[in-house]
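Engineer: Before I ask anything, here is the structure I am working with.
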Amino acid sequence: MLSVIIPTEGVEQPAVATLAALVPGAAAGIIREVLLVDRSGSAVIERVADVAGCRFLAAEGSRAAALAAGAKQARSPWLMFLHAGAVLDSGWIEETTQFVNNVASSGRPRAGIFRYARSPYAETRFSDGFRLLARMIAGPSAEQGLLIARDHYDRLGGYRPDGRRSEARLLRQLGRSSRIMLRSRIMVA
């Protein structure tokens with residue numbers, strides 16, 4: 001049903017945290033595959049993928065290039081893009097299943113974005129207030145994850161590997177009318 005694409009920077013800990021949050025989804029049968037797309041060229045993420053039972057892809061270039069490479073290799077009709085270190089809360093499985101079923105039955109192309117939640121362990125900084133304000137004005141950011149049907153992703157042109165700010169461009173293309181803010185939270189480290 002769902003392919004999860006996670007671009008990594010060769011660092012094990014954030015990737016493992018994200019993978020751990022996905023285990024219940026794999027056990028529930030909602031996740032068909034997880035692709036770890038590493039841009040660093042180190043063998044660390046390849047080992048993590050092997051141990052976790054994920055597919056590993058090596059990619060060069062920007063994060064958008066890694067996301068595009070993962071989407072191209074994904075086998076499922078639905079794609080979920082998550083940054084390494086992003087951890088979904090426990091309610092994501094049921095809500096994701098409902099979202100996919102509702103979009104499929106409505107025939108209207110939609111994409112889901114998870115609600116931003118600051119990590120409870122992160123130190124509060126003055127700049128966090130500015131980020132919150134920017135999020136309220138500009139809308140969601142790419143670090144909040146994206147849940148989208150493959151055909152809708154392809155119609156929009158997906159992530160452009162060579163484009164600057166390709167993640168933000170795709171969110172803008174979705175527009176407010178075709179993106180839904182899901183109730184499930186995503187903690188970003």
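Engineer: Of the DSSP beta bridges with both residues in the stretch 2-188, give the percent that are antiparallel, rounding to the nearest 5.
Structural biologist: Details: 9 of 31 bridges.
Expressed as a percentage, antiparallel bridges in the stretch 2-188 total about 30.
Engineer: Among VAL23, VAL34, VAL51, which one shows the highest mean-square fluctuation when the chain is modelled as a Gaussian network with alpha-carbon springs under 10 Å?
Structural biologist: Looking only at VAL23, VAL34, VAL51, the biggest GNM fluctuation is shown by VAL51.
Engineer: Could you give the spread of the C-alpha atoms of the stretch 60-116 along their three principal axes, from largest to smallest, in whole angstroms?
Structural biologist: That works out to 37, 26, 17 Å along the principal axes.
Engineer: For a bin width of 5 Å, list the pair-distance distribution of the stretch 2-188 built from all Cα-Cα distances, rounded to whole %.
Structural biologist: 1, 8, 17, 21, 21, 17, 10, 3, 0
Engineer: About its Cα centre, what dipole magnitude does the stretch 1-73 give when the only charges are +1 on Lys and Arg Cβ and -1 on Asp and Glu Cβ, stated in debye to the nearest 20?
Structural biologist: Numbers: 6 positive and 7 negative charges, 43 e Å.
Here the size comes out at about 200 debye.
Engineer: Once fully extended, how much extra length lies between ALA168 and SER40, figured as 0.36 nm per residue of separation less the alpha-carbon to alpha-carbon distance?
Structural biologist: Details: separation 128, 0.36 × 128 = 46.08 nm, distance 2.25 nm.
Here the answer is 43.8 nm.
Engineer: Rounded, prolate or oblate: which fits the stretch 1-95 when a ≥ b ≥ c are the square roots of the eigenvalues of the alpha-carbon gyration tensor, with rounded for a/c under 1.5 and prolate only if a/b beats b/c? Provide the component values of the computation, followed by the final result.
Structural biologist: Values: a/c = 1.78, a/b = 1.39, b/c = 1.28.
Prolate, since a/c reaches 1.5 and a/b exceeds b/c.
Engineer: Sticking with this one: Compute the distance in nm between two label points, each set 7 Å from the Cα along the Cα-to-Cβ direction, one at ARG47 and one at GLU60.
Structural biologist: 2.5
Engineer: Something else now. So if we plug the beta-carbon distance of ASN101 and ALA20 into 1/(1 + (r/R0)^6) with R0 = 30 Å, what FRET efficiency do we get, rounded to 0.05?
Structural biologist: Values: r = 26 Å, r/R0 = 0.86.
Efficiency computed from Cβ-Cβ geometry: 0.70.
Engineer: Something else about it: Based on Cβ point charges of +1 for Lys and Arg and -1 for Asp and Glu, what charge dipole magnitude is obtained for the stretch 2-188 about its Cα centre, in debye rounded to the nearest 20?
Structural biologist: Values: 25 positive and 17 negative charges, 172 e Å.
In debye, rounded to 20, the stretch 2-188 gives about 820.
Engineer: Quick check on packing: order 180-188, 66-74, 160-168 by the mean number of other C-beta atoms within 10 Å, highest mean leading.
Structural biologist: Result, highest mean Cβ count within 10 Å first: 66-74, 180-188, 160-168.
Values in this text are rule-based calculations from the coordinates and carry no lab data. On a predicted model such as this, the values are computed, not experimentally measured, just so you know. Cβ: placed from backbone, ideal geometry, glycine included. Neighbour counts: every protein chain shown.
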